[in-house]
Amino acid sequence: MHIDPDAAEPIDDFVVVEDGDYLLRIAEVRENDRSDGRVSWMLRLELVEGPLAGRTAVTDWLNFSDRGMHRVRHVLAAVGFDVSAPLDVAPDDLLGRRAIVRLETQETRRRSDGRPQRRSRVTYDGWAPVGGVSDGTGAPGVPLPVDAMPF
């Protein structure tokens, strides 16, 4: 087998699906203690439908800081929690919950050697409830097609 060197710049490509809106399931939640004493949760999200169903599409983070609480409430509402009142939630409470999630490709460079990398990431407000727009109370929303999701 003859193999020629690749003339293109080598790139680490971790993108599983193209940019777009996907029905994803929270398959794993890992709690992390940050250096500033606050807690963050890493969410591993799996595809629910299609030929890649069950495969990890992306990881996302919930940061329980003053700045991060708006997004935490947004994500929790999208997966069915009533965030209009005080709420106690544990990592296991999120397992198996589903949402429509907007993914986009992010290109960065590895710190060690500058090699390009491509990864999917969730947009800041890229979570929406399955079947429609939530009013933030966990109540079912108005059904919308995926391409009309409000993010």
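Sub-8 Å Cβ pairs linking a first residue in region 108-136 that is closer than 17 Å to PHE81 by Cβ and surrounded by fewer than 18 Cβ atoms within 10 Å (Cβ to Cβ) to a second residue that is modelled with pLDDT of 85 or more and among the hydrophobic types (A, V, I, L, M, F, W, C), at least 6 apart or interchain, are GLY136/ALA77; GLY136/VAL83, ordered by first then second residue. Selection of region 63-79 for residues being surrounded by fewer than 19 Cβ atoms within 10 Å (Cβ to Cβ) and either touching a Ser or Thr at 6+ places or on another chain (Cβ under 7 Å) or part of a loop (DSSP other than H, G, I, E, B) (or both) yields ASN63, PHE64, SER65, ASP66, ARG67, GLY68. Look at region 85-107: where a residue is of a type in the set (Gly, Ala, Ser) and a partner is assigned to a loop (DSSP other than H, G, I, E, B), sitting 6+ places away or on another chain with Cβ atoms under 7 Å, you get ALA99/VAL79; ALA99/PRO129; ALA99/VAL130.
Can we say ASP60 is farther than 19 Å from VAL122 by Cα and charged (D, E, K, R)? No, not satisfied. Of the residues in region 92-102, at least one is modelled with pLDDT of 95 or more, of a type in the set (Gly, Ala, Ser), outside any helix (DSSP H, G or I) and crowded, with 16+ Cβ neighbours inside 10 Å. Scanning region 42-62 for residues that are without any contact (Cβ under 8 Å) to a residue 40 or more places away in the chain, in a strand (DSSP E or B) and not β-branched (Val, Ile, Thr) yields MET42, ARG44, GLU46, LEU47, TRP61, LEU62. Picking from residues in region 32-41 that are part of a strand (DSSP E or B) and surrounded by fewer than 12 Cβ atoms within 10 Å (Cβ to Cβ), the one that is modelled with the highest pLDDT is ASN32. The residues of region 18-29 that are in a strand (DSSP E or B) and either out of contact with any Pro (no Cβ under 8 Å at 6 or more places or on another chain) or surrounded by fewer than 12 Cβ atoms within 10 Å (Cβ to Cβ) (or both), listed by number, are GLY20, ASP21, TYR22, LEU23, LEU24, ARG25, ILE26, ALA27, GLU28. The residue that is surrounded by the most Cβ atoms within 10 Å (Cβ to Cβ), counting only those in region 42-53 that are over 20 Å from LEU76 (Cβ atoms) and among the hydrophobic types (A, V, I, L, M, F, W, C), is LEU47.
The values are calculated or read from the model by the stated rules, or taken from the named source; none is laboratory data. Nothing here was measured: the structure is a model prediction, and the numbers come from that model. Virtual Cβ from ideal backbone geometry, glycine too; neighbours counted across all protein chains shown.
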